[in-house]
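Below is one structure; the comments refer to it alone.
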Amino acid sequence: MSEKNTTKKAWVKPEITPLRNGLANKFGSVRNVNWCDSIDDVPFDKLIRSYGSPLFVASEQKLRSNIKRIKNAFSSRYPRIQMAWSYKTNYLGAICNVLHQEDAWAEVVSRFEYEKARKLGVPGQCIFFNGPNKSREILERAIDENARIHIDHLDELYLIEDIAASRNKEVNIGIRLNFDTGYTEPWSRFGFNIESGQAMDAVWRISSSTHLKLVGLHSHIGTFVLEPRAYSSQVSIMCAFLREVEGKTSFKIDYIDIGGGFASFNALQGIYLPPEQVVPSIEQYAEAICETLLEETHDHLSQGRNRPLLVLESGRAIVDDAEVLVTTVVANKRLPDGRRAVVLDAGVNLLFTAYWYNHVVRPTKPLDGKPEETVLYGPLCMNIDVMRNSVILPPLSVGDQLVFSSVGAYNNTQWQQFIEYRPNVVMVHNNGGVSVIRTAENLETMTAHEKLPEHLSRPFPDDQPEK
Ligand SMILES: Cc1ncc(COP(=O)(O)O)c(C=O)c1O
């Protein structure tokens, strides 16, 4: 007599998955969604238990290895290089100091960023000061501290000259240039234009000053530049300008600062191919830049001079993949059009780059169930709060965690204080230790700068009639 199998199969809710144009379907569906449970061997669930959700987590190890790789790629191809950390990309003090410890100077674009770099202990002469809005007050400080100021416009030139004259000091300066590389949209609103002759006019104006000495040329041709040849073109144009300046004036240019702009391994919305296929390696950028610079500055050697110092202000390529955002599922929904939607506890106020990138989104553990097109919403009571418009994920339950990467560039600076408190940011160190590098906001921090005039100090009058 055969024994009856008494184990009951678990009931699974039946579901109908509509096939949508352009999405994976039963002939090519995503069976497994990658998951990721830790960063540098520290489990995310442990981090969330200790520091709350959502949580930004930076990896010190990754940050150090990223900048080392860039430095190696350039210094093995060109004899004089200097990295300058672009503060606006991520100016959390711990991030900046990891990069300063790796020999990066600072690149700042405002009074706040200048003051922050100085407060962290960066000497003035290791700060490149860019940007179109430098007040007299901060320029005076920068001049007294021998910072490397890059002039953006004539009004700034006059101001610097006036300050230099009032101190009877010779001030070394650089100028920002703009021009057409033929590959990138020219950022002509910053600095002086080469093609129109404006940049050479500015040089003439500087050379007529008894207090100013031009020692550096700067340009930044854009951001997320996917074409290394754009940089060869940039370097050729800047070197031709250097020769013109040195040929026509008595200035000797000591450095060429090519700004930032190298792409990170993130998927820009609107680009069909994955980043692995479209983003050049750091070595490809380095090859294009250094090969051209070596050719263009060969004459320096015959003149018995050092080649110009090459300054790199790379931002996103250093920090983007060194930080992730861990979020928790708050709710599940079905939209009227049949799509699955999930509400997360982190929104676009924290992840500004969700407007431009399709971040990689992974659960922190393997999940059962069929992956399906899902919309990821943030917690804000605002229609714009969409973290991902469409991503294939298995069914998620309240409390499940998702990891967004790469989020290290421009989020901890462009995030907004809006509706929710901003969360903790932690850094995982090389030895596995973890530190909070920015504490979560609370009611006290949020209202610290507010003032209530006396007559507005109470919401209702004391003698309010009962309703
Ligand atoms: C002057 C300057 N330098 C450097 C950077 C850093 O650029 P990225 O993060 O694209 O490398 C920027 C960013 O806009 C910039 O404006």
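Region 288-359 holds strands (runs of 3 or more DSSP E) entirely within its bounds, and those carrying 2 or more residues that are away from the ligand (no atom under 16 Å from the Cβ) and free of Cβ contacts under 8 Å to residues at least 60 places away in the same chain map to 323-334, 340-344.
Yes/no per residue for (1) surrounded by fewer than 17 Cβ atoms within 10 Å (Cβ to Cβ); (2) at pLDDT 65 or above:
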residue: Gly22; (1), (2): yes, no
residue: Ser29; (1), (2): yes, no
residue: Trp35; (1), (2): yes, yes
residue: Ser38; (1), (2): yes, yes
residue: Ala58; (1), (2): no, yes
residue: Ser65; (1), (2): yes, yes
residue: Lys68; (1), (2): yes, yes
residue: Pro79; (1), (2): yes, yes
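Residues that are of a type in the set (S, T, N, Q) and crowded, with 23+ Cβ neighbours inside 10 Å within region 81-109 comprise Ser86, Thr89, Asn90, listed in sequence order. A single entry from Val235, Val245 fulfils the requirement of being buried (at least 16 other Cβ atoms within 10 Å of the Cβ), within 16 Å of the ligand (Cβ to nearest atom) and hydrophobic (A, V, I, L, M, F, W, C): Val235. Using the structure shown, decide if Leu273 is away from the ligand (no atom under 16 Å from the Cβ), crowded, with 22+ Cβ neighbours inside 10 Å and not in a helix (DSSP H, G or I). Taking the combined requirement at face value, the residue does not satisfy it. Is it fair to say Val98 is among the aliphatic types (A, V, I, L, M) and assigned to a loop (DSSP other than H, G, I, E, B)? No, not satisfied.
The values are calculated or read from the model by the stated rules, or taken from the named source; none is laboratory data. The structure presented is a predicted model; accordingly, all values stated were derived computationally and were not measured. Glycine also receives a Cβ, built like all others from the backbone with ideal geometry; neighbour counts cover every protein chain displayed.
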